[in-house]
Structures are given as structure tokens and as C-alpha cells.
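Novice: One structure, as C-alpha cells, below. Some questions next.
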Number of protein chains: 2
Amino acid sequence: MLQDNGMRALDRQECLRLLAKVPVGRVVYTRQALPAVLPVNFSLDADSSVVLHTSAASGLVHAIDGVVVSFEADEFHAPTESGWSVVVTGRAHVVTDPVENERLRRTGPRSWMRVGDGVFVRIESEMVTGRELAGTCGSD
Amino acid sequence: MLQDNGMRALDRQECLRLLAKVPVGRVVYTRQALPAVLPVNFSLDADSSVVLHTSAASGLVHAIDGVVVSFEADEFHAPTESGWSVVVTGRAHVVTDPVENERLRRTGPRSWMRVGDGVFVRIESEMVTGRELAGTCGSD
């Protein structure tokens, strides 16, 4: 549905399809009572949760394990002032199940940072919202 | 300085130089006690504050006027697993000074959304942090 401001709300399936197209998104959380944000590479799991791979000792894991966070990804094109953004909101938790961990070691994301073995963090896709900005298509 | 995880911390000047290169960043704030994030086009003002243009009636303005928020921008390149991200943290406020408003109408950003006259929101760059991931340069 096109809104007054020129944005179109995306349904869950459109959001998940777009999310699967990009390699990097941003974890949005609270750290020391301030809004915090960290870009990470990720993959979408079969249940539509977002999976990250990071260091077990990272401040990120400490801050978000067991906590509701948001995860945002987008793509914008400046010449046409168009693009989309998707936000997944849900509880984040470190994957502790050995079978799940083994599966993710084979098929899950591998951090672009040097994190050693690392751990996998799953963000449940409890709420998925998105919007698309159709843009000017190069005209005024 | 290169960290163990392969990231290099960027100084304030490097951060501001990178921030000036990209048209879109993300406001990170709290809405109804949940972490929230909204991508917007922006410009850097001469005092290194981040300036946005949005609807006076927007939920964003309501949520962030007078509040400390974060503003993030980044660029990543998947084939080399490299990129950078910068986070500005500071108080956001609607620009109310008529002289400032007039100057921003001439030289400030114009929202990519349809917002009518809109208002300008300034995020002070009280804290500016950034990091760079040098990546694999195409090798393993």
C-alpha cells in the first residue's frame, strides 16, 4: 500500500526475499543505556531467523544474548532516490544445541572478522516489517 | 590500530571523511522500549553534525527530538569481505532557529520521501567512532 510519503509497506514474504539478497545487515540494540548498532554479515536460516557468526567473547554477544533486538538491512540507489529497508525484531540467543551448531558450521555464515571458531547467534524473526521507496526514476 | 579481529579503529577525521561519501545512514533509537532503526538520506553540516529532513508529524521526530540517538553509515564489499562503518552518537533536536532553517532550506538535505516543507533534525556528533575491515583482498 502506497503511503502519503511515497513509501510502500512490504509484506513479510517480500521482506524475507529482499533480506536474502544482501550479505550485510545491522544489529540494533542497547548498550550502557544508549542505542547501539553494529553491521555484520549474516544469513537467513530456513525458519526465517537471522543467523550471525561472531566471537564468543564479543561485547555484542554479551549485550544481546537473550534480549530482543532489531536487525536491519537495506539497499538504496541515490540517483533515483529509491530503495528498500527491512527490519526484523525478535529475541537473540547464542546457539547452544550441538546438532544445530554442527549444521551451522557446515552451512551457516562465517564471520568476515577473525573470530576463531566463534559462536552462532540467532535472531528470531518475530516481527518483520519493511518499506520500499519507489523514487523519482531519474526525473524531478 | 589493527585489532585481533582484523578490524582497524578509525579516528574522528577518518570517520567524518567516510560519512561525507555516502547519501544514506540509519537513525538508531528506542521506540516503545524496543530498539528501532530507520534509514534516511542526510548531509554532514559544517560543524560535523548530521542533518536530516523529515516530516514534522513523523513518528521519528516524535521519538528522537531532545534524545540521544546513534546514527550509522557503512559501505561493505562482499567479494573482498571488506568495508567500513561509522557511528555518530549525540543528542537529536529539531532545528527551530529561523536563520538556521532558512540556511538549511537552501543548502541542507531534501528528504527522498514526500514530506512537504518538513523539518530539519540535527544530530550532534558528540561521539564519533568507526572501524574498517581490511578484508581478504580476494584471497583466502
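Novice: From A:Val69, A:Val115, A:Val87, grab the single residue that is at pLDDT below 95, at the interface with another protein chain (Cβ under 9 Å from one of its Cβ atoms) and out of contact with any Lys or Arg (no Cβ under 7 Å at 6 or more places or on another chain).
Specialist: Details: A:Val69 fails: at pLDDT below 95; A:Val87 fails: at pLDDT below 95.
Unique residue meeting the criteria: A:Val115.
Novice: Would you confirm, using the coordinates I've provided, whether B:Phe76 is touching a His at 6+ places or on another chain (Cβ under 8 Å) and in a strand (DSSP E or B)? Working first, answer last.
Specialist: Working: touching a His at 6+ places or on another chain (Cβ under 8 Å): no; in a strand (DSSP E or B): yes.
It is false that B:Phe76 is touching a His at 6+ places or on another chain (Cβ under 8 Å) and in a strand (DSSP E or B).
Novice: Sticking with this structure for a sec: For segment B:12-52, give me each residue that is assigned to a strand (DSSP E or B), more than 12 Å from the chain's Cα centre (by Cα) and more than 17 Å from A:Leu34 (Cβ to Cβ).
Specialist: none
Novice: Taking the conditions exactly as written (outside any strand (DSSP E or B) and either of a type outside the set (Asp, Glu) or without any contact (Cβ under 8 Å) to a residue 40 or more places away in the chain (or both)), does B:Val128 satisfy them or not? Outline the logic, then answer.
Specialist: Working: outside any strand (DSSP E or B): no; either of a type outside the set (Asp, Glu) or without any contact (Cβ under 8 Å) to a residue 40 or more places away in the chain (or both): yes.
Here the answer is no, as B:Val128 does not meet what is asked.
Novice: With free of Cβ contacts under 8 Å to residues at least 60 places away in the same chain and either assigned to a loop (DSSP other than H, G, I, E, B) or closer than 22 Å to B:Gly83 by Cα (or both) as the only criterion, which of A:Thr89, A:Thr96 stands out? Can you show your working first?
Specialist: Working: A:Thr89 fails: either assigned to a loop (DSSP other than H, G, I, E, B) or closer than 22 Å to B:Gly83 by Cα (or both).
The conditions single out A:Thr96.
Novice: Consider B:Leu19 carefully, then state whether it is in contact with a Gly (Cβ under 7 Å, 6 or more places away or on another chain), surrounded by 18 or more Cβ atoms within 10 Å (Cβ to Cβ) and hydrophobic (A, V, I, L, M, F, W, C). Spell out the reasoning first.
Specialist: Working: in contact with a Gly (Cβ under 7 Å, 6 or more places away or on another chain): no; surrounded by 18 or more Cβ atoms within 10 Å (Cβ to Cβ): yes; hydrophobic (A, V, I, L, M, F, W, C): yes.
Judged against the criteria, B:Leu19 is not a match.
Novice: Of the residues in segment A:41-66, how many are facing chain B (nearest Cβ under 10 Å) and closer than 30 Å to A:Met7 by Cβ?
Specialist: 2
Novice: Can I ask one more? So B:Arg122 passes all but one of these: (1) surrounded by fewer than 13 Cβ atoms within 10 Å (Cβ to Cβ); (2) within 15 Å of B:Arg26 (Cα to Cα); (3) among the basic types (Lys, Arg). Which condition number does it fail?
Specialist: (1)
Novice: Related question: If the Cβ limit is 8 Å and pairs must be 6+ apart or interchain, which residue in segment B:15-37 that is more than 7 Å from chain A (Cβ to nearest Cβ) pairs with which residue that is among the hydroxyl-bearing types (Ser, Thr, Tyr)?
Specialist: Close Cβ pairs (under 8 Å, with a partner that is among the hydroxyl-bearing types (Ser, Thr, Tyr)) amount to B:Cys15/B:Thr129; B:Leu16/B:Ser48; B:Leu16/B:Ser125; B:Val27/B:Ser70.
Novice: Looking only at segment B:77-86, decide whether some residue is in contact with a helix residue (DSSP H, G or I) (Cβ under 7 Å, 6 or more places away or on another chain), more than 26 Å from A:Met7 (Cα to Cα) and surrounded by 15 or more Cβ atoms within 10 Å (Cβ to Cβ). First the steps, then the outcome.
Specialist: We begin by selecting, within segment B:77-86, every residue in contact with a helix residue (DSSP H, G or I) (Cβ under 7 Å, 6 or more places away or on another chain); these are B:84, B:86.
Within this subset, residues satisfying the condition of being more than 26 Å from A:Met7 (Cα to Cα) are B:84, B:86.
Within this subset, residues satisfying the condition of being surrounded by 15 or more Cβ atoms within 10 Å (Cβ to Cβ) are B:84, B:86.
Checking segment B:77-86: at least one residue is in contact with a helix residue (DSSP H, G or I) (Cβ under 7 Å, 6 or more places away or on another chain), more than 26 Å from A:Met7 (Cα to Cα) and surrounded by 15 or more Cβ atoms within 10 Å (Cβ to Cβ).
The values are calculated or read from the model by the stated rules, or taken from the named source; none is laboratory data. Bear in mind that the values here come from a model prediction, so they are computed numbers and not experimental data. Reconstructed Cβ throughout: ideal geometry from the backbone, glycine too, with neighbour counts over all protein chains shown.
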